[in-house]
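Peer 1: The structure under discussion is supplied below as structure tokens; questions concerning it will follow.
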Amino acid sequence: MRKYLLLIVFLALNAGIVFAEDKPASGELTTKAWIAHGKKDVEATFKYTQECIDLYKQQADKQQASLGSLPKNRKEIEAVQALNDVATCYFIQAESLMRQEKMDEAKKIFRLIMDKYSYGQAWDPRGWFWSIRLAAEQSIKKIETGSIEVEQKKKVSQLPTKLVLFDPGKESFVDYTKYGEFKNVGTRDYQYVVIDQAGLMDAVGEGVYPNSSSIRKDPIFKQVIKDKRLEGDAWDFLYSPDLQAAFVKWTTSSEPQGVRLFCTGLILERAGLITQAIKCYYSIVVHFPGSYGWTYWHTPWYVGVAAIAKINFLLRRNPQLGYKLEGAEIRILNGFDNDILNDIAVTNPGKFIKVDLAQEAAKIKPTAESSGVKKKVGKGKVRLVQYNNGDWQLLVEDKPYIIKGITYAPTKVGQSPDDGTQGNWMEEDFNKNGKIDGPYDAFVDKNRNNLQDKDEPATGDFKLMQDMGVNTIRLYHHPLKINKELMRDLCKTYGIRVIIGDFLGKYAIGSGAQWNPGTDYNNETHKKNMIESVRQMVNEFKDEPYVLFWLLGNENVYGYACNANEDPDAFFKFANEAAKVIKSIDPDHPVAICSGDILFLDKFGKNSPDIDIFGTNAYRGDYGFGAFWSQVREETGKPAFITEFGCPAYAEGKNVDESEELQAQYHLGSWEDIQNNMAFSSGVGNALGGVVFEWLDEWWKAYEPSIHDYKGLWAGPFPDGYMHEEWLGMAGQGNGKLSPFLRQLRKSYYMYQKKWK
């Protein structure tokens, strides 16, 4: 839900940046240029861009010459800020020339960027850097092929090499008590002391700690070295179809042991060697429970915690193995901030036990009637109830309500909030038939020929979502106006309710702050403005029949255009104030927060007692959300839901069918995890549901809104290791020619239809 960002603030975060005596910073000039470009002030655009180029071109040229490849992390990128800003200013000039239809002049500057400033990158306030060279290439393509007439990139599937282990180990599920001693289980002083290392090595097999020697006897090892297939960084191999080379690369890499084992487990998983993958993950739990890595966002990733989640996922997906991991838990004390120096791992490795599937199926599960009610929250038609066994449910008109939600923002191809061209989908009627386009006139392109054939009538997204099983969408009340009549019909005709949110100052929306430095949750003026925004939202919508509950913020803790990451206590205290204001006006609907994964979860638990539901945006992988549910229970005692999760329907090296299957499997794992943690299920019992991101591909996410971009925008746990933000839809828009009407439904749509209906 980042669709409201404007290009005029695109580089504001870079505004303090390259300084020199008696001349303005390069970032300051670049920001002014973006603002002028957004206002279509051509004279000011060229004034600021040319001043930046004239002042910093020499420095930019030196920085470009000093690089051998594209800088990968934020520290490296910001070290060449003059290069970034000069390249950006050239890019702004070329874009301005395009607007003036001076195409030859624009192409000349785009080519200059590609030839001379290929390593320049610009900061996107959505949280990543984008390559100016690639954007220039796409703009040239737009000039030469037309804004929408873009030939789709044809992908040929790369078949994976077969991985056969030379030494798979003597035990499928290793009994560690035979080879060592567990000490201080369940405490911060936990350790496993190996007594019989040779026996343990024989049991686990190659690739699993402590067996680091048998890989060198493996014919695979010798073959990939002979074929010179190991050139490059280990991370370049993680999602490679050359599974043999990837296995050798990671088992012999210099990465920390926990990270190395986890990535080796991923490769074994992809090779179909499930028991060996489980052994790999469990060796992390036993030997390296407190190990960590770093995400793209430079937040800690706790490998042991993820390893337990992976094991449980694989055992659930492979019941024929006949095992479950009982009692395993790793708690990272002080693990909700970004400081790993204060972390303490409290570890219980648990143990594998054999499972009789018939007995498991025959177990009698508790019900609402058998458990009895412990606590009620709210008095209206929408309320929460906690049962005596600790489980939570959301009730609507006294019936359990599972949030089967989706983010709905059908953006027409070619529109973008970055350049101010995005319209309000709740009002658009491009075919002028008196009906709103997406909700009522969308049709399914069943044969994917990018035409509307006679047997493909207009159905409308609302009907398609109803058929999928959707019962909830998520909206914000600003900055675009909500069409109340449309939402009433959504609820009455299609049975779909609405979670209505206020950004609570994220992206400086509602606070009155400037983008840089952004909303300050200690600033009384900002707080007053935000409270007024919240008050206006509740007064306007509290009596609408479609309102499910209220939502505060949108991953504010990540800190873009606000200081919630710098002072999380202040942010969560203020969020709690907002919740109290809501309840003073409307006691009939619960209040939730939309945070960023579990960052500062402990601060939320301490400072926000009046917020009823903890919600978060989380993209963790195909296994679901791991320890999230238990962490929320322990830190807050509240029910939870996933406010945003998803996976691209594009993966490098995979064809369309394979990519869609990978997306569907990712969603299946995510939803099954949510389902397993609902009330009276096998898990924690505090899950209320989730909101899929998203209904329809949005082509503007990687900058050029008329091109369906294939770039991986940031590294993450996705089928090819990257987030392709323009491919997250349950439905695609084909080649874009018939946008905003055409829908190509993906496998993930039908997966949810089966699960939700």
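The values are calculated or read from the model by the stated rules, or taken from the named source; none is laboratory data. Bear in mind that the values here come from a model prediction, so they are computed numbers and not experimental data. Virtual Cβ from ideal backbone geometry, glycine too; neighbours counted across all protein chains shown.
Peer 1: Can you tell me how many residues in the stretch 613-633 are touching a residue at least 40 places away in the same chain (Cβ under 8 Å) and either in a loop (DSSP other than H, G, I, E, B) or not polar (S, T, N, Q) (or both)?
Peer 2: Residues in the stretch 613-633 being touching a residue at least 40 places away in the same chain (Cβ under 8 Å) and either in a loop (DSSP other than H, G, I, E, B) or not polar (S, T, N, Q) (or both): 14 in total.
Peer 1: Taking the criterion of being surrounded by 22 or more Cβ atoms within 10 Å (Cβ to Cβ) and under 30 Å from Leu325 (Cα atoms), would at least one residue in the stretch 699-712 satisfy it?
Peer 2: no
Peer 1: Scanning for something crowded, with 19+ Cβ neighbours inside 10 Å, touching a helix residue (DSSP H, G or I) at 6+ places or on another chain (Cβ under 8 Å) and either part of a loop (DSSP other than H, G, I, E, B) or of a type in the set (Lys, Arg) (or both), does the stretch 660-679 turn up at least one residue?
Peer 2: Yes, the stretch 660-679 has at least one match.
Peer 1: If you scan the stretch 686-699, which residues turn out to be out of contact with any strand residue (DSSP E or B) (no Cβ under 7 Å at 6 or more places or on another chain) and closer than 25 Å to Ser595 by Cβ?
Peer 2: Answer for the stretch 686-699, where residues must be out of contact with any strand residue (DSSP E or B) (no Cβ under 7 Å at 6 or more places or on another chain) and closer than 25 Å to Ser595 by Cβ: just Glu698.
Okay, residues lined up against (1) under 30 Å from Glu485 (Cβ atoms); (2) at pLDDT 95 or above:
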position: Pro517; (1), (2): no, no
position: Asn523; (1), (2): no, yes
position: Tyr560; (1), (2): no, no
position: Asp588; (1), (2): yes, yes
position: Ala592; (1), (2): yes, yes
position: Ile611; (1), (2): no, yes
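Peer 1: Within the stretch 641-652, identify whether any single residue is at negative phi and touching a Lys or Arg at 6+ places or on another chain (Cβ under 6 Å), and answer yes or no.
Peer 2: The answer is yes, given that some residue of the stretch 641-652 is at negative phi and touching a Lys or Arg at 6+ places or on another chain (Cβ under 6 Å).
Peer 1: Would the stretch 432-443 turn up any residue that is in the same structural domain as Gly689 (by TED's automatic domain parsing), in contact with a Pro (Cβ under 6 Å, 6 or more places away or on another chain) and modelled with pLDDT of 95 or more?
Peer 2: yes
Peer 1: Every residue in the stretch 456-480 that is among the hydrophobic types (A, V, I, L, M, F, W, C) and closer than 30 Å to Met530 by Cα, please.
Peer 2: Result: Ile473, Leu475, Leu480.
Peer 1: Of the residues Asp445, Asp441, only one is over 21 Å from Pro705 (Cα atoms), touching a Gly at 6+ places or on another chain (Cβ under 7 Å), crowded, with 21+ Cβ neighbours inside 10 Å and not basic (Lys, Arg); which?
Peer 2: Asp445
Peer 1: Run Asp610 past the list (1) in contact with a helix residue (DSSP H, G or I) (Cβ under 9 Å, 6 or more places away or on another chain); (2) more than 19 Å from Asn686 (Cα to Cα); (3) charged (D, E, K, R); (4) part of a loop (DSSP other than H, G, I, E, B) and report the number of the one that doesn't hold.
Peer 2: Looking at each condition in turn, Asp610 falls short on (2).
Peer 1: In the stretch 211-234, how many residues are out of contact with any Ser or Thr (no Cβ under 8 Å at 6 or more places or on another chain) and part of a loop (DSSP other than H, G, I, E, B)?
Peer 2: Qualifying residue count, the stretch 211-234: 10.
Peer 1: Is it true that some residue in the stretch 89-107 is surrounded by 15 or more Cβ atoms within 10 Å (Cβ to Cβ) and in a loop (DSSP other than H, G, I, E, B)?
Peer 2: Checked the stretch 89-107: no residue is surrounded by 15 or more Cβ atoms within 10 Å (Cβ to Cβ) and in a loop (DSSP other than H, G, I, E, B).
Peer 1: Please find, among Leu599, Leu548, the residue that is among the hydrophobic types (A, V, I, L, M, F, W, C) and in contact with a strand residue (DSSP E or B) (Cβ under 7 Å, 6 or more places away or on another chain).
Peer 2: One residue alone meets the criteria, Leu548.
Peer 1: Among the candidates Ala508, Ala575, single out the residue that is closer than 22 Å to Glu644 by Cβ and at pLDDT below 95.
Peer 2: Ala508
Peer 1: In addition: Please indicate, with yes or no, whether at least one residue in the stretch 728-736 is surrounded by fewer than 22 Cβ atoms within 10 Å (Cβ to Cβ) and either among the acidic types (Asp, Glu) or farther than 16 Å from Tyr619 by Cα (or both).
Peer 2: Taking every residue of the stretch 728-736 in turn, at least one turns out to be surrounded by fewer than 22 Cβ atoms within 10 Å (Cβ to Cβ) and either among the acidic types (Asp, Glu) or farther than 16 Å from Tyr619 by Cα (or both).
Peer 1: For the stretch 343-399, what are the residues that are out of contact with any helix residue (DSSP H, G or I) (no Cβ under 9 Å at 6 or more places or on another chain) and hydroxyl-bearing (Ser, Thr, Tyr)?
Peer 2: Listed by number, the residues that qualify are Thr367, Ser370, Ser371.
Peer 1: Going by the conditions given, is Phe288 at pLDDT 95 or above, more than 20 Å from Pro719 (Cα to Cα), more than 26 Å from the chain's Cα centre (by Cα) and buried (at least 18 other Cβ atoms within 10 Å of the Cβ)?
Peer 2: Yes: the conditions hold for Phe288.
Peer 1: Has the stretch 132-144 got any residue that is crowded, with 18+ Cβ neighbours inside 10 Å, modelled with pLDDT under 95, basic (Lys, Arg) and in contact with an Asp or Glu (Cβ under 7 Å, 6 or more places away or on another chain)?
Peer 2: Looking for residues that are crowded, with 18+ Cβ neighbours inside 10 Å, modelled with pLDDT under 95, basic (Lys, Arg) and in contact with an Asp or Glu (Cβ under 7 Å, 6 or more places away or on another chain), one finds at least one in the stretch 132-144, hence yes.
Peer 1: May I ask you to list pairs of residues, at least six apart or on different chains, whose Cβ atoms are under 7 Å apart, with the first in the stretch 395-409 being surrounded by 22 or more Cβ atoms within 10 Å (Cβ to Cβ) and the second being of a type in the set (S, T, N, Q)?
Peer 2: Ile403/Thr472; Lys404/Asn471; Lys404/Thr472; Gly405/Thr472
Peer 1: Next question, about the same structure. Just checking, how many residues over the stretch 718-741 are among the hydrophobic types (A, V, I, L, M, F, W, C) and assigned to a helix (DSSP H, G or I)?
Peer 2: Residues that pass the stated criteria total 1.
Peer 1: Separate question: Quick one: would you say Gly414 is in the same structural domain as Trp629 (by TED's automatic domain parsing), under 16 Å from Tyr494 (Cβ atoms) and among the small types (Gly, Ala, Ser)?
Peer 2: So Gly414 fails the test.
Peer 1: Answer yes if at least one residue in the stretch 258-266 is under 30 Å from Gly716 (Cβ atoms) and either assigned to a loop (DSSP other than H, G, I, E, B) or at pLDDT below 95 (or both), and no otherwise.
Peer 2: Checked against the condition, which is being under 30 Å from Gly716 (Cβ atoms) and either assigned to a loop (DSSP other than H, G, I, E, B) or at pLDDT below 95 (or both), the stretch 258-266 yields no hits at all.
Peer 1: Also, I was wondering about something else. All but one of (1) hydroxyl-bearing (Ser, Thr, Tyr); (2) more than 30 Å from Ser69 (Cβ to Cβ); (3) free of Cβ contacts under 8 Å to residues at least 24 places away in the same chain; (4) crowded, with 21+ Cβ neighbours inside 10 Å hold for Ser213; state the number of the condition that does not hold.
Peer 2: (4)
Peer 1: Another question about this same structure. Are any of the residues in the stretch 48-69 among the acidic types (Asp, Glu), modelled with pLDDT under 95 and assigned by TED's automatic domain parsing to the domain that holds Ile132?
Peer 2: No, the conditions are met nowhere in the stretch 48-69.
Peer 1: Going by what's in this entry, would Gln744 be described as in contact (Cβ under 8 Å) with a residue 12 or more places away in the chain, polar (S, T, N, Q) and assigned to a helix (DSSP H, G or I)?
Peer 2: no
Peer 1: Would you check if there is a residue in the stretch 707-718 being assigned by TED's automatic domain parsing to the domain that holds Asn554 and under 27 Å from Thr459 (Cα atoms)?
Peer 2: There is at least one residue in the stretch 707-718 that is assigned by TED's automatic domain parsing to the domain that holds Asn554 and under 27 Å from Thr459 (Cα atoms).
Peer 1: Now for a different question. Looking only at the stretch 33-50, which residues are more than 35 Å from the chain's Cα centre (by Cα) and either within 18 Å of Pro417 (Cβ to Cβ) or surrounded by fewer than 18 Cβ atoms within 10 Å (Cβ to Cβ) (or both)?
Peer 2: Within the stretch 33-50, Asp41, Val42, Glu43, Ala44, Lys47, Gln50 qualify.
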